[in-house]
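The next block holds one structure in the form of structure tokens; read it before the comments.
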Amino acid sequence: MTKLLHVNASARGEHSQSLAIARAFVEALADRRPDLEVDTLDLFSADLPEFGTVAADAKMAVFGGQEQTAEQKAAWDAARAVFDRFAAADVYVFNVPMWNAGVPYVLKQWIDIVTQPGWAFGFDPPPDTKGC
């Protein structure tokens, strides 16, 4: 089974050309791949969690090896649920309209949520350069 996450970043619903193109692509792919499981995430109706002060403090508590408050834990768990849906996919299709010469704000919010260190990527401290 191959899991595909289709991320719809258009606010225009059935009037969206980018959504129509993405749907046609996903349908054609599904016709060729009967093992394909499609999960569609509509960012404008997804009720993404806020990643503000509480979530940032939760992240820093994790990095610092400190206990999170109940409020921080709830914020971190909400962000983790969004990441887990992203990480469960093997293949991704994004439809992204032009939005004031950039990308829709909800797409940026979603990217900010799923790209947490330790989840989406690892990190190491810089090497010791004292002897250089």
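Rolling a 1.4 Å probe across all protein chains gives Met60 an accessible area of roughly 110 Å². The residues His6, His15, sorted by heavy-atom accessible surface at 1.4 Å with ligands and nucleic acids left out, run His15, His6 from largest to smallest. Look at (1) 29, 16, 11; (2) 20, 17, 14; (3) 32, 19, 16: the one that is semi-axes √(5λ) of the Cα gyration tensor in Å derived from this structure is (3).
Accessible area, 1.4 Å probe, largest first: how do Trp110, Trp119 sort?
Values: Trp110 5, Trp119 45 Å².
Ranked from most to least accessible, the order is Trp119, Trp110.
For the range 74-128, the equivalent ellipsoid derived from the alpha-carbon gyration tensor has semi-axes of 24, 16, 13 Å in decreasing order.
Please list, in order, the residues from the range 72-94 whose amide nitrogen is less than 19 Å from a point placed 7 Å along the Cα→Cβ vector of Arg32. Taking a point 7 Å out along Cα→Cβ of Arg32, the residues of the range 72-94 whose backbone N falls under 19 Å are 90-94.
What accessible area per residue comes out for the range 1-68, rounded to a whole number of Å², with a 1.4 Å probe?
Using a 1.4 Å probe on heavy atoms only, each residue of the range 1-68 averages 63 Å².
Of the residues Glu37, Glu14, the one with the largest accessible area comes first in the ranking Glu14, Glu37, computed with a 1.4 Å probe on protein heavy atoms. Spin-label pair Gln17-Glu67: with each label point 7 Å from Cα along the Cα-Cβ axis, the two points sit 5.7 nm from one another.
Taking each DSSP H run with n ≥ 4 as -39500 (n - 2.57) and averaging over every residue of the chain yields -13500 deg cm²/dmol at 222 nm. One chain, two ends: Met1 and Ala87. Fully extended at 0.36 nm per residue, the span grows by 29.5 nm beyond their Cα-Cα distance.
The values are calculated or read from the model by the stated rules, or taken from the named source; none is laboratory data. Because the structure is predicted, anything quoted here is derived from the model rather than measured. Virtual Cβ from ideal backbone geometry, glycine too; neighbours counted across all protein chains shown. To get the accessible areas, we keep the full protein, side chains included, count just its heavy atoms, and leave off ligands, DNA and RNA. Shrake-Rupley method; radii C 1.70, N 1.55, O 1.52, S 1.80 Å.
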